[in-house]
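Visitor: The structure follows.
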Amino acid sequence: GNSVTQMEGPVTLSEEAFLTINCTYTATGYPSLFWYVQYPGEGLQLLLKATKADDKGSNKGFEATYRKETTSFHLEKGSVQVSDSAVYFCALLSFTNFGNEKLTFGTGTRLTIIP
Amino acid sequence: DGGITQSPKYLFRKEGQNVTLSCEQNLNHDAMYWYRQDPGQGLRLIYYSQIVNDFQKGDIAEGYSVSREKKESFPLTVTSAQKNPTAFYLCASSIGRLVADTQYFGPGTRLTVL
């Protein structure tokens with residue numbers, strides 16, 4: 001079945017540091033890939049997405065490139081801020097044999113940015 | 001503003017009681033979903049519905065029930081058969097109709113069973 005493996009946290013960085021959160025996936029076919037962010041006590045917000053190989057999703061200074069050859073979708077940001085402190089989830093969207101959408105999540109990576 | 005609302009934000013119940021969590025969306029989405037989140041874990045799918053009056057079990061449906069009488073609403077009942085109901089519950093919706101598009105999430109309900 002499909003699966004998503006994320007870099008284990010927690011990750012602690014200083015403000016303005018470079019961020020990478022690794023995400024690799026296992027899936028048949030060509031799933032869409034997503035990064036969601038969850039701030040404390042809140043639901044998930046879509047951060048960015050990519051729907052086909054070599055697509056780059058970007059938002060709020062974050063980027064991720066859909067790499068089919070390495071089955072990866074690593075999240076990067078050049079200079080993090082304290083407000084980026086949150087839990088980040090990598091996810092893939094595929095269809096079941098019955099044509100239903102299925103979103104498979106990684107376990108999440110907690111990021112803390114220190115001023 | 002379009003979006004998904006969940007109520008209440010915090011819910012406390014005694015063991016053995018059924019409890020219903022509300023989820024409403026005004027995005028005109030066909031598909032709706034319920035997930036459960038436990039500390040340090042990803043989200044697990046409880047139930048989903050692709051259209052009105054139809055729903056399917058997800059990966060962890062035991063002890064839960066749902067209904068989909070209206071397009072906008074997808075309430076989740078946590079029954080007394082659910083062995084460990086304390087968790088954070090998230091509702092989501094998407095366009096559906098076999099379009100592989102984004103799922104949008106509500107703010108969540110934190111259920112604590114005493």
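Visitor: Cβ-Cβ distance below 8 Å, separation of 6 or more or different chains: which pairs start in the stretch A:18-44 with a residue that is of a type in the set (Ser, Thr, Tyr) and end on one that is crowded, with 21+ Cβ neighbours inside 10 Å and assigned to a loop (DSSP other than H, G, I, E, B)?
Guide: Final answer for the pair search is A:Thr24/A:Phe73; A:Tyr25/A:Pro31; A:Tyr25/A:Phe73.
Visitor: Here is a follow-up. Between B:Gly63, B:Gly96, which is within 26 Å of A:Gly108 (Cα to Cα), modelled with pLDDT of 95 or more and surrounded by fewer than 21 Cβ atoms within 10 Å (Cβ to Cβ)?
Guide: B:Gly63 is the lone residue from the list that is within 26 Å of A:Gly108 (Cα to Cα), modelled with pLDDT of 95 or more and surrounded by fewer than 21 Cβ atoms within 10 Å (Cβ to Cβ).
Visitor: Out of all the residues in the stretch B:62-114, which are within 17 Å of B:Leu27 (Cβ to Cβ), at the interface with chain A (Cβ under 10 Å from one of its Cβ atoms) and assigned to a strand (DSSP E or B)?
Guide: B:Leu90, B:Cys91, B:Ala92, B:Ser94, B:Tyr104, B:Phe105
The values are calculated or read from the model by the stated rules, or taken from the named source; none is laboratory data. Everything numeric in this text was worked out from a predicted model, so none of it was measured. Because the Cβ atoms are built from the backbone with ideal geometry, glycine has one as well, and the counts that use them run over all protein chains shown.
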